[in-house]
């Protein structure tokens, strides 16, 4: 197929075209009236950039979209959503709405490919990201109109990033080769394992979705895209002294560190790493980063961990392996929840639970009354949520929240003690909360975060009801049981 002339640009031409669009809405740049269509299509933002901004028709060819100064470049119009983190905390305030699809996983071809000449690398090597803010829920194409364009970025994957992509791609290729060798008569019956066995346990920055028999595609994980955008936005990250090029290497480094520091108390670790503050549980993450040779207080500020989507959790277990504290995971995206056309598989709930790598620093308390400083470090465990858990526990909570919203069943109800008497806050106001799924009935549940019960301090409004910021939590008893079943790394 001959290359359409309208796909050919110089780098400077694209910069001139795109720089004029930054700060404008999709409606303002939609000269071809793409958004006037009636059929819902999650690719409308990309169609506006292709057809109205760059001036070429919709193109689904396998080759990269553009030729820029003679180099093939793949265009990725990428939605961002606001993040709970802010620039005050060293973050851009935005994160990728979802993973970024690159190209199809083709089992019949990939086993004979090498990375440098693969269909994946042809599409991924040189990318042009055009970022827009997915500002609110959408019910029709026209709803995309007020989404502003935030920026654009040419990304050439070299060095560490290329090695990360190559490492993951080769895992997928070698797994498919093994399937085809072990099941030559019916390899397709085994293809669902590509996603279920690799995505969370083996793959660091890419995944494959959807599951077979739906044709899967290679995708850049949302955490990886978020890290790319944050660097574009000027956010600085902490680098580790040693390269970690995959989850396998991360596990091996955790094993080495556990052998080095296992058995030491928090107070002793504070002394080793010259942390000049009184030990508190909130410092557990900083201690973990210091073990790896970093200096940041949060693991999300270490570049490699941000790319992997690794979330640090400091867990204090009893001598019998029990734990009573629940674990907060992430804030609820209510624009998404209130979108009638939203699908669970494309939701922030699904993305978090399917991508999250919980790197748990496990401490053991000598007694329930002991301060955090006396807890002893036992080692690391890496936990990921299973497909079964996501499709049962997580999906049930997501569905129930949407039922409460769409069926107008959402209520603010008083919080009661076990004897049925109302709980009174320190301000003298009766304590109350929305009737979201609670920990009494669900392993995954919703809990608000706030310390002032006055209505003006409850900034979130859902169905006309004022409430605190709401977060997704997982039961501590569930997490403790899962970790007890895992060996230390």
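Name the residue, out of 159, 151, that is free of Cβ contacts under 8 Å to residues at least 12 places away in the same chain and under 23 Å from residue 64 (Cα atoms). If you could, list the steps in order and put the result at the bottom.
On the way: 151 fails: free of Cβ contacts under 8 Å to residues at least 12 places away in the same chain.
Being free of Cβ contacts under 8 Å to residues at least 12 places away in the same chain and under 23 Å from residue 64 (Cα atoms) holds for just one of 159, 151, which is 159.
To keep it simple, each residue is scored yes or no on (1) in contact (Cβ under 8 Å) with a residue 60 or more places away in the chain; (2) assigned by TED's automatic domain parsing to the domain that holds residue 96; (3) farther than 26 Å from residue 486 by Cα; (4) surrounded by fewer than 20 Cβ atoms within 10 Å (Cβ to Cβ).
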site	(1), (2), (3), (4)
342	yes, no, yes, yes
374	yes, no, no, yes
388	no, no, no, yes
399	no, no, yes, yes
405	yes, no, yes, yes
412	no, no, yes, yes
415	no, no, yes, yes
420	no, no, yes, yes
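Quick one: is residue 146 touching a strand residue (DSSP E or B) at 6+ places or on another chain (Cβ under 7 Å) and over 23 Å from residue 72 (Cα atoms)?
Details: touching a strand residue (DSSP E or B) at 6+ places or on another chain (Cβ under 7 Å): yes; over 23 Å from residue 72 (Cα atoms): yes.
It is true that residue 146 is touching a strand residue (DSSP E or B) at 6+ places or on another chain (Cβ under 7 Å) and over 23 Å from residue 72 (Cα atoms).
List the strands (runs of 3 or more DSSP E) that sit entirely inside the range 384-486 and contain at least 2 residues that are touching a helix residue (DSSP H, G or I) at 6+ places or on another chain (Cβ under 8 Å) and within 30 Å of residue 198 (Cα to Cα). First the steps, then the outcome.
Working: elements: 412-414, 432-434, 444-449, 460-462, 465-467, 469-474.
Qualifying strands (runs of 3 or more DSSP E): 444-449.
Any residue in the range 181-190 that is in the same structural domain as residue 104 (by TED's automatic domain parsing) and in contact with a strand residue (DSSP E or B) (Cβ under 7 Å, 6 or more places away or on another chain)?
To start, the set of residues in the range 181-190 that are in the same structural domain as residue 104 (by TED's automatic domain parsing) comprises 181-190.
Checking which are in contact with a strand residue (DSSP E or B) (Cβ under 7 Å, 6 or more places away or on another chain) leaves us with none.
Scanning the range 181-190 turns up no residue that is in the same structural domain as residue 104 (by TED's automatic domain parsing) and in contact with a strand residue (DSSP E or B) (Cβ under 7 Å, 6 or more places away or on another chain).
Per-residue answers, yes or no, for (1) touching a strand residue (DSSP E or B) at 6+ places or on another chain (Cβ under 7 Å); (2) outside the structural domain of residue 449 (by TED's automatic domain parsing); (3) modelled with pLDDT of 95 or more:
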| residue | (1), (2), (3) |
| --- | --- |
| 81 | yes, yes, no |
| 97 | yes, yes, no |
| 137 | no, yes, no |
| 154 | yes, yes, yes |
| 167 | no, yes, yes |
| 174 | no, yes, yes |
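Suppose we filter the range 348-375 for residues that are over 20 Å from the mean Cα position of the chain (by Cα) and either modelled with pLDDT of 95 or more or over 19 Å from residue 319 (Cβ atoms) (or both); how many remain?
Count: 0.
Checking residue 170 against (1) over 23 Å from residue 67 (Cα atoms); (2) more than 24 Å from the chain's Cα centre (by Cα): exactly one of these is not met. Which one?
Going through the list (1) over 23 Å from residue 67 (Cα atoms); (2) more than 24 Å from the chain's Cα centre (by Cα), residue 170 breaks only (2).
What helices (runs of 4 or more DSSP H) completely inside the range 255-337 contain at least 3 residues that are more than 26 Å from residue 354 (Cα to Cα), under 29 Å from the mean Cα position of the chain (by Cα) and not assigned by TED's automatic domain parsing to the domain that holds residue 221? Reasoning before the result, please.
Working: elements: 266-272, 284-291, 303-308, 334-337.
It comes to 284-291.
Residues in the range 193-203: is at least one in contact with a strand residue (DSSP E or B) (Cβ under 8 Å, 6 or more places away or on another chain) and without any contact (Cβ under 8 Å) to a residue 40 or more places away in the chain? Spell out how you get there, then give the answer.
Going through the range 193-203, the residues in contact with a strand residue (DSSP E or B) (Cβ under 8 Å, 6 or more places away or on another chain) turn out to be 194-195, 198-200.
From the residues that got through so far, the ones that are without any contact (Cβ under 8 Å) to a residue 40 or more places away in the chain too are 195, 198.
Scanning the range 193-203 turns up at least one residue that is in contact with a strand residue (DSSP E or B) (Cβ under 8 Å, 6 or more places away or on another chain) and without any contact (Cβ under 8 Å) to a residue 40 or more places away in the chain.
Just checking, which of 120, 129 is touching a residue at least 12 places away in the same chain (Cβ under 8 Å), farther than 17 Å from residue 77 by Cα, within 22 Å of the chain's Cα centre (by Cα) and not in a loop (DSSP other than H, G, I, E, B)?
Working: 129 fails: farther than 17 Å from residue 77 by Cα.
From the options 120, 129, the qualifying one is 120.
Need pairs with beta-carbon distance below 8 Å; first residue on the phi > 0 side of the Ramachandran plot and within the range 297-310, second surrounded by 24 or more Cβ atoms within 10 Å (Cβ to Cβ) and outside any helix (DSSP H, G or I); sequence gap 6+ or separate chains.
Between residues of the range 297-310 that are on the phi > 0 side of the Ramachandran plot and residues that are surrounded by 24 or more Cβ atoms within 10 Å (Cβ to Cβ) and outside any helix (DSSP H, G or I), the close pairs are 309/221.
Can you say whether residue 91 is in a loop (DSSP other than H, G, I, E, B), at pLDDT below 90 and either over 29 Å from residue 236 (Cβ atoms) or over 25 Å from the mean Cα position of the chain (by Cα) (or both), as far as the supplied structure shows?
Numbers: in a loop (DSSP other than H, G, I, E, B): yes; at pLDDT below 90: yes; either over 29 Å from residue 236 (Cβ atoms) or over 25 Å from the mean Cα position of the chain (by Cα) (or both): no.
It is false that residue 91 is in a loop (DSSP other than H, G, I, E, B), at pLDDT below 90 and either over 29 Å from residue 236 (Cβ atoms) or over 25 Å from the mean Cα position of the chain (by Cα) (or both).
Is it the case that residue 107 is more than 30 Å from residue 337 (Cβ to Cβ) and not assigned by TED's automatic domain parsing to the domain that holds residue 308?
Numbers: more than 30 Å from residue 337 (Cβ to Cβ): yes; not assigned by TED's automatic domain parsing to the domain that holds residue 308: yes.
When the stated conditions are applied, residue 107 passes them.
The values are calculated or read from the model by the stated rules, or taken from the named source; none is laboratory data. Since we're looking at a predicted model, the values are computed, not measured. All Cβ positions, glycine included, derive from the backbone under ideal geometry; neighbour counts span all protein chains shown.
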